[in-house]
1. Specify which residue in the list Thr230, Tyr310, Ser262 is farthest towards the positive end of the charge dipole of the range 214-328, using unit charges on the beta carbon of Lys, Arg (+1) and Asp, Glu (-1), about the Cα centre.
2. Can you work out ³J(HN,Hα) from phi for every residue in the range 227-239, in order, using Karplus 6.51 cos²θ - 1.76 cosθ + 1.60 and θ = phi - 60°, giving whole Hz and x for Gly and Pro?
3. Taking 0.36 nm per residue of sequence separation and subtracting the Cα-Cα distance, how much length would be gained by fully extending the chain between Thr416 and Thr361, in nm to one decimal?
4. Rg/Rh for the chain to two decimals, with Rh computed the Kirkwood way over all alpha-carbon pairs.
5. Per residue, how big is the convex hull around the C-alpha atoms of the range 84-165? Give it to me in cubic angstrom, could you?
6. In debye, nearest 20: dipole of the chain around its Cα centre with unit charges on the Cβ of K, R (+) and D, E (-)?
7. Under 5 Å between amide H atoms, partner at least 5 residues away or on a different chain: which partners does Gly80 have, H built in plane at 1.01 Å?
8. Grab the beta carbon distance between Asp147 and Ala278, set R0 = 41 Å, and tell me the FRET efficiency rounded to 0.05.
Amino acid sequence: MPQSKHQTLPRHSVYALCSTLLISSLFMLFPVYSTAAEDYPTDKTTSESLNTDARVWIKPTLSVAVSPQVNIDITPRSDGAFQTGTTSLNIATNSRNGFKIFLNGADTTALTSSNGQNTIPSLTASATPDSFLPNSWGYNISTHTVDNSSTYHPIPDTATTIVDTSTSNATNSYNLTFGVKADTSLPSGDYTNTVVISVVANPNEAIDLNDLTYMQDMRTEYCTATTEETSKVLTDYRDGKRYSVFRAKDGACWMQSNLALSLSTDMVLTPNDSDVLANWSPTSNTRTALSTNNDPNGQESWTYNNDNYYYQFNAATAGTGSTTTEANTSAPSSICPRGWKLPLGGNDATLNGSFAKLKLTYGSPNANFFVAAPFYMARNGIIRSGKHIGQGGDGVFTSSTVPNATQNYGLDLGSTGVTTATQYNRQDGLNIRCVVR
């Protein structure tokens with residue numbers, strides 16, 4: 001949500017402040033590969049062509065501009081004098097579904113004198129200049145200039161929608177006008193207030209998985225509305241990597257390949273792009289060579305064995321695994337994209353997004369079932385004590401659930417069967433499959 005900023009007003013002023021949400025536009029062009037045509041003698045007619053996809057992904061943006069203050073000077077009359085002050089509010093967004101403008105008084109809805117002893121209350125009902133009650137104020141927002149027939153509205157005490165657009169790529173300019181009526185019963189002086197204006201881009205409406213572009217667009221309701229076995233390739237806009245995902249028979253949506261996010265001490269995962277409750281930065285970079293870290297609260301990760309990614313439990317859970325110690329509880333965060341989570345571990349098959357429910361839904365098949373389509377859960381083994389073990393024999397995928405303070409549950413695709421509550425040391429490096437649950 002946008003952050004609201006407050007500040008003290010200059011004298012003789014009514015203050016309108018814009019709280020802006022600005023998401024910079026990023027462009028990433030996926031690599032395009034081609035081969036140059038060979039030079040053939042003139043009597044040759046052989047030719048060859050290749051096709052490639054060029055994709056550009058653009059993040060939604062919103063820009064807002066507003067004058068920092070509105071000054072209104074009034075010479076009161078016994079029957080009341082009406083005066084206005086206007087600021088221009090300019091908004092632009094590339095959102096497909098427009099934006100909303102919210103307005104509210106920061107601490108109060110009244111204009112307060114500099115000595116704090118007198119106020120000009122907000123209107124209690126909408127009014128035109130002729131029907132304004134003496135010693136009251138209100139606002140009007142319009143794309144036109146106000147006149148004597150314009151309607152002014154009460155200042156709300158909580159963020160209230162005053163404009164809601166649905167136009168794609170909307171660019172709008174508004175006149176935000178404050179009207180005040182004062183009579184001679186009001187003591188002279190400076191009367192001020194802070195008005196908070198928030199602008200939020202409307203989310204793109206989606207029906208099901210087919211309507212999505214980014215991993216971060218996913219929501220539980222979109223997954224639920226998707227036909228079983230439907231798959232789609234989505235982009236993780238943290239690094240531009242693409243993942244095939246699908247709606248499984250258990251009602252959840254699963255990644256069909258392992259998460260391959262390279263961690264760095266320079267990166268910050270935020271609730272806007274990742275499954276974290278608060279901003280989080282890794283303490284270790286993803287390594288390209290095996291190393292030993294036997295700290296159960298370590299945050300090591302490795303890319304190894306044909307670019308497979310392995311994560312210690314506290315790295316997979318974005319640092320929250322170290323405080324998840326009670327049996328059969330789950331870490332609250334993960335490095336999965338926003339909208340996705342680590343699967344639940346253990347043997348409770350009633351839990352949505354759990355390995356146990358997935359196994360039960362598909363009739364408790366053998367491990368080879370999950371290694372094949374549509375899951376493609378390869379037996380990549382694990383990283384333990386600086387060694388890569390179990391390749392070809394075990395496919396191991398981490399969950400967010402723990403049996404105790406030093407281990408976590410994982411899905412194990414062994415040579416003899418599928419287990420959903422196998423206990424692994426938290427310092428072991430396991431693969432990750434994210435799920436919408």
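1. Thr230
2. 5, 3, 6, 6, 10, 7, 8, 10, 9, 8, 6, 6, 9
3. Extra length from Thr416 to Thr361 when fully extended: 17.9 nm.
4. 1.14
5. 119
6. 660
7. Distant-sequence amide H within range of Gly80: Thr184.
8. FRET efficiency, Asp147 to Ala278: 0.25.
A short reminder: the numbers here are calculations on the coordinates, not readings from a lab. Every value quoted in this text rests on a predicted model; they were computed, and no experiment measured them. Ideal geometry is used to build each Cβ from the backbone, glycine not excepted, and the neighbour counts take in all protein chains shown.
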